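Since the structure comes first, as structure tokens, the remarks are kept for the end.
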Amino acid sequence: FVPPGKWLTGSFNLTSHFTLHIHKDATLLASQDESEWAVIDPLPSYGRGRDADGGRYISLIFGTNLTDVVITGDNGTIDGQGVTWWNKFHKGELKYTRPYLIEIMYSNEVQISNLTLMNSPSWNVHPVYSSNFVVQGLTILAPVTSPNTDGINPDSCTNTRIEDCYIVSGDDCVAVKSGWDEYGIKFGMPTKQLVIRRLTCISPFSAVIALGSEMSGGIEDVRAEDITGINSESAVRIKTAVGRGNYVKDIYVRRMTMKTMKMVFWMAGNYGSHPDNDYDPNAIPVIQNINFRDVVAENVTMAARLEGIPGHPFSGICISNTTIGLTQKPKKIQWNCTEIAGVSSNVTPQPCNLLTDQGPDNACNFPEDSFTSAIV
């Protein structure tokens, strides 16, 4: 139990069958002294750090091989005091990858809830190689220009639920991942059975929900519903590239409300950052069965940019019951579509010809989710 007050701390590890409770008037302040942050190995599914070759600084709150863990509070605060890290990143002064606020690895039955997370040096919440994970009731805040301050990044995880969160971020609010190029392919652990509900996001330079770009273990069976995006670059974005391999498939999204967006739908098959030059140029990702329905957006510059991989189209795309209101100065071409195949129904403005119009009342699929958890 962390009582009221401000408490300065370096990184610390959790143990199994443990609850960390932060009082509503308590703030954990992350140390800005690099010497208090141990350097740990890169993730095996990434092969290197995200910011630099080699290792990475351990997260503020860290745990591995845990079960039955709760990190919670009555909206107590964890402040990563990230500005010094952001400055070093921009100046190229980092020897290792910046720390995250919370990272839990190889764990089962974990809940992170009812907290305010601020000013993370990089990603805020990173469940990785874990299962039966619940993230709910978080307020995540960072300057919208801060680098890589993703909100919640489920990474090679099974049976994860993210719900009732408010995120203001300098990067994607939720970024679904599963490893990077040949390292992710070799590690071979997909993210699957992911549910995202009742999310509100502000991120002017990134996506409300991103799939990838590190998706080399595969991403499948993702359900997102009741999502609000305000002043964000895109609603749902798929990021991948030649060399990633594996797949993004069986994605279901419904009831999204968007206000002031650069574009609503964005899929890119040329997101080409690689960990090194050893990736397999024949590792072509398969993108299929991507469903969006019941979407309302206003003050939008461009409806969609859907760009598959030449010779390897993204297939099974479905968009239905979608109304996109445009800004006063919209792009002349609203739907930029290449190397994709799919259908549409009751979509305004009229989609590109590669999304065959099925006529009204042909809604895209949204199956019931199968999420189960022992955590209450």
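The values are calculated or read from the model by the stated rules, or taken from the named source; none is laboratory data. In this text the structure is predicted, and so the values were computed from the model without any measurement. Backbone-built Cβ (ideal geometry, glycine too); neighbour counts: all protein chains shown. These accessible areas exclude ligands, DNA and RNA; they are computed on the full protein's heavy atoms, side chains included. Shrake-Rupley method; radii C 1.70, N 1.55, O 1.52, S 1.80 Å.
List of remarks:
- Residues that are surrounded by fewer than 23 Cβ atoms within 10 Å (Cβ to Cβ), closer than 17 Å to Ser16 by Cα and either within 20 Å of the chain's Cα centre (by Cα) or at pLDDT below 95 (or both) within the range 65-103 are absent altogether.
- Asp361 being charged (D, E, K, R), touching a residue at least 60 places away in the same chain (Cβ under 8 Å) and in the same structural domain as Val242 (by the TED database): no
- Phe133 falls short of the stated requirement of being among the aromatic types (Phe, Trp, Tyr) and open to solvent by 10 Å² or more (accessible area, probe 1.4 Å).
- Test for Met258: is it over 17 Å from Asn336 (Cα atoms) and surrounded by 24 or more Cβ atoms within 10 Å (Cβ to Cβ): yes
- The number of residues in the range 104-128 that are open to solvent by 10 Å² or more (accessible area, probe 1.4 Å) and not in a strand (DSSP E or B) comes to 4.
- Scanning the range 20-55 for residues that are hydroxyl-bearing (Ser, Thr, Tyr) and open to solvent by less than 80 Å² (accessible area, probe 1.4 Å) turns up Thr27, Ser31, Ser45, Tyr46.
- Counting the residues of the range 185-212 that are among the charged types (D, E, K, R) and either buried (at least 24 other Cβ atoms within 10 Å of the Cβ) or closer than 21 Å to Ile230 by Cβ (or both) gives 2.
- Every pair of residues 6+ apart whose Cβ atoms lie under 6 Å, when the first sits in the range 198-217 and is under 19 Å from Pro281 (Cβ atoms) while the second is assigned to a strand (DSSP E or B) and charged (D, E, K, R): Gly212/Lys239; Ser213/Lys239; Glu214/Lys177
- Restricting attention to the range 1-12, the residues being under 20 Å from Asp33 (Cβ atoms) and open to solvent by 100 Å² or more (accessible area, probe 1.4 Å) number 3.
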